[in-house]
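Student: For reference, the structure I am asking about is given below.
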Amino acid sequence: MAEVKSNSAAPAERKLSWVEEVEEEEAASKSAPSWGEAAASAVDALAIGQGNFNSFLDEPQSNIKLVTTGDTPYISASTFEDLNLTPELLKGLYMELKFQKPSKIQAISLPMILTPPYKNLVAQAHNGSGKTTCFVLGMLSRVDPNLKVPQALCICPTRELAIQNLEVLQKMGKHTGITSECAVPMDSTNYMSFAKRPPVTAQIVIGTPGTIKKWTSAKKLGVSSVKILVFDEADHMLAEDGFKDDSLRIMKDIQRMSAHCQVLLFSATFNETVKNFVSRVVNDHNQLFVKKEELSLESVKQYKVNCPDELSKIMVIKDRIFELGENLGQTIIFVRTRHSAGMLHKSLVELGYEVTTIQGALKQEDRDKIVKEFKDGLTQVLISTDLLARGFDQQQVNLVINYDLPVKHENHSEPDYEVYLHRIGRAGRFGRKGAVFNLLMSERDQMLMEKIEQHFNSQIAQVASWNSAEDFKGALKAAGLL
Ligand code: ADP
Ligand code: MG
């Protein structure tokens with residue numbers, strides 16, 4: 001049966017120091033209801049059109065809970081036609097993207113996004129479940145094609161994600177004539193002095209917070225007609241150690257200039273800290289969310305491998321995973337630092353493997369080239385820092401290796417649970433099968449892994465021996481990859 005979020009679902013942890021800060025602020029300002037309160041009041045006003053949302057909510061793996069505020073009935077869309085889209089947009093969905101029907105998050109969230117009074121929305125859904133289509137279709141549908149000014153803005157944490165989202169938008173909107181532009185730092189080859197560039201006329205702008213802020217404060221990007229503002233990977237965009245300041249500034253600038261702007265926040269993860277904060281900054285929003293214990297993808301099998309030393313971690317990758325995985329699909333190896341990336345790259349290349357590596361210190365054009373080669377299938381194995389941990393979508397990726405486990409910036413004995421979930425979500429896109437190998441070397445690694453298992457309430461299977469080909473074969477078979 002569909003579960004409706006009420007304030008009885010107690011927030012699990014309150015560890016970070018700035019949670020206290022937020023709570024203090026909350027106590028001082030009673031104006032905006034907290035996540036829990038908003039949810040509780042919304043239960044009374046819950047309005048679900050014809051009850052057919054429930055059929056989605058009952059399906060295994062969907063486990064998306066929803067809370068609506070106000071009295072707008074929303075009817076979930078079982079086909080794209082149900083959404084009253086223009087024929088041009090339907091053509092984009094069917095012919096360019098080759099989609100047949102909406103995924104669950106699309107079926108539920110799109111009516112919320114597209115129905116007046118265009119309420120704000122905070123939407124959590126699994127990795128690879130199709131969130132991009134929700135907000136891209138939202139932006140394309142709400143833009144007035146005849147008004148040649150910026151009307152929709154989408155802000156993403158990385159250049160790679162902004163470019164990827166723009167590519168989806170341009171495919172989906174191919175037949176609409178709607179114009180779009182990417183706001184990311186320019187690469188050095190086609191650099192143009194910022195002051196000399198003409199003002200932005202594109203109707204939809206997708207970019208990173210630094211560049212968008214720069215363009216808006218220099219008045220190159222006018223926001224007075226912006227009626228829809230999207231944050232992809234929104235929990236990171238609003239986190240203290242993410243882009244909180246820039247995001248709030250952009251949000252406030254738009255709210256000041258534009259009469260009514262719908263705000264959409266999308267992510268696979270919203271920890272309690274961010275949830276509480278979101279309730280304060282985004283008024284009167286509908287919500288969709290998933291319990292953290294239900295966030296891991298069933299189609300992606302997770303393993304841990306004990307390795308006696310660092311060289312054996314490299315040997316596991318080379319002799320076990322590459323040997324068996326070579327013909328399977330593509331692999332992403334995540335490392336914690338740029339240094340670690342360089343070291344692993346060097347070791348694997350010296351052993352005769354072709355790998356490419358991406359990290360934030362590379363030049364913009366090199367980053368773009370490495371991503372393009374991987375997306376075009378020209379490279380099989382990509383080493384990455386957490387630069388690509390979030391949002392990166394490549395359906396052929398079915399193996400993820402955590403060479404290092406992700407830890408919190410401020411405390412290296414604490415796992416970064418959200419980053420872990422995002423990293424493993426690079427495999428198994430849209431229900432595909434995948435496997436993750438966590439390479440553990442020290443007692444600290446063991447402890448981090450245990451904490452991750454507890455947090456998501458899932459037991460991660462152990463590969464019995466790091467140097468047994470049979471054990472790895474068994475693991476890949478169990479994941480459905482062999
Ligand atoms: P996330 O929820 O992680 O942001 P994405 O939006 O990146 O997921 O989508 C994951 C993959 O699923 C993409 O490759 C996308 O093309 C595909 N996809 C999304 N919606 C549909 C759909 N309705 N039918 C088929 N494939 C879809
Ligand atoms: Mg995404």
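The values are calculated or read from the model by the stated rules, or taken from the named source; none is laboratory data. This one's a predicted model, so the numbers in the text were calculated from it and none came from an experiment. Here the Cβ is made from the backbone with ideal geometry for all residues, glycine too, and neighbour counts use every protein chain on show.
Student: For segment 85-132, enumerate the residues that are more than 11 Å from ligand 1 (Cβ to nearest atom) and part of a helix (DSSP H, G or I).
Tutor: Those that are more than 11 Å from ligand 1 (Cβ to nearest atom) and part of a helix (DSSP H, G or I): Pro87, Glu88, Leu89, Leu90, Lys91, Gly92, Met95, Ile108, Pro111, Met112, Ile113, Leu114.
Student: Test Ile370 against the stated conditions and say whether it is more than 16 Å from ligand 2 (Cβ to nearest atom), under 26 Å from Gln124 (Cβ atoms), hydrophobic (A, V, I, L, M, F, W, C) and not assigned by the TED database to the domain that holds Thr208.
Tutor: No: the conditions fail for Ile370.
Student: In segment 273-281, is there at least one residue being in contact (Cβ under 8 Å) with a residue 60 or more places away in the chain and on the phi > 0 side of the Ramachandran plot?
Tutor: no
Student: Yes or no: Lys375 within 16 Å of ligand 2 (Cβ to nearest atom) and farther than 26 Å from Ala461 by Cβ? Even if it seems obvious, please write down each step before you answer.
Tutor: Numbers: within 16 Å of ligand 2 (Cβ to nearest atom): yes; farther than 26 Å from Ala461 by Cβ: yes.
Yes: the conditions hold for Lys375.
Student: Another question, then. Could you say whether any residue in segment 153-171 is more than 9 Å from ligand 1 (Cβ to nearest atom), closer than 25 Å to Thr216 by Cβ, surrounded by fewer than 21 Cβ atoms within 10 Å (Cβ to Cβ) and in contact (Cβ under 8 Å) with a residue 40 or more places away in the chain?
Tutor: For segment 153-171, residues more than 9 Å from ligand 1 (Cβ to nearest atom), closer than 25 Å to Thr216 by Cβ, surrounded by fewer than 21 Cβ atoms within 10 Å (Cβ to Cβ) and in contact (Cβ under 8 Å) with a residue 40 or more places away in the chain: present.
Student: For segment 412-447, which residues satisfy the criterion of being part of a helix (DSSP H, G or I) and either basic (Lys, Arg) or over 22 Å from Lys291 (Cβ atoms) (or both)? Walk me through how you get there before you give the answer.
Tutor: As a first pass, look at segment 412-447 and keep what is part of a helix (DSSP H, G or I): 417-424, 429-431, 443-447.
Hits for segment 412-447 are Arg423, Arg429, Glu443, Arg444, Asp445, Gln446, Met447.
Student: Check Gln395 against each of (1) among the polar types (S, T, N, Q); (2) farther than 19 Å from Gly325 by Cβ; (3) in a loop (DSSP other than H, G, I, E, B) and name the one condition it does not meet.
Tutor: Here Gln395 meets the rest and fails (2).
Student: Counting only residues that are basic (Lys, Arg) and under 18 Å from Ser258 (Cβ atoms), how many does segment 141-189 have?
Tutor: So the answer is 2.
Student: Kindly list the number of the only condition in (1) surrounded by 19 or more Cβ atoms within 10 Å (Cβ to Cβ); (2) among the acidic types (Asp, Glu); (3) within 22 Å of Gln364 (Cβ to Cβ) that fails for Asp246.
Tutor: Every condition holds for Asp246 apart from (1).
Student: Kindly provide the set of residues from segment 402-442 that are more than 16 Å from ligand 1 (Cβ to nearest atom), hydrophobic (A, V, I, L, M, F, W, C) and in contact with a Leu (Cβ under 7 Å, 6 or more places away or on another chain), ordered by number.
Tutor: Leu405, Val407, Ala435
Student: Taking Thr132 as the residue in question, decide whether it is within 13 Å of ligand 2 (Cβ to nearest atom) and either β-branched (Val, Ile, Thr) or in contact with a Cys (Cβ under 7 Å, 6 or more places away or on another chain) (or both).
Tutor: Yes, satisfied.
Student: Which condition number does Ser247 fail, the rest of (1) at negative phi; (2) in contact (Cβ under 8 Å) with a residue 12 or more places away in the chain; (3) out of contact with any Phe, Trp or Tyr (no Cβ under 8 Å at 6 or more places or on another chain) being met?
Tutor: Result: Ser247 fails condition (3) only.
Student: Does Cys134 qualify as being more than 17 Å from the chain's Cα centre (by Cα) and under 28 Å from Thr385 (Cα atoms)?
Tutor: Against the criterion (more than 17 Å from the chain's Cα centre (by Cα) and under 28 Å from Thr385 (Cα atoms)), Cys134 does not qualify.
Student: Please identify the pairs in which a residue from segment 390-408 that is among the acidic types (Asp, Glu) has its Cβ atom under 7 Å from the Cβ atom of a residue that is in a loop (DSSP other than H, G, I, E, B) and more than 8 Å from ligand 1 (Cβ to nearest atom), counting only partners at least 6 apart or on another chain.
Tutor: Asp404/Val335; Asp404/Arg336
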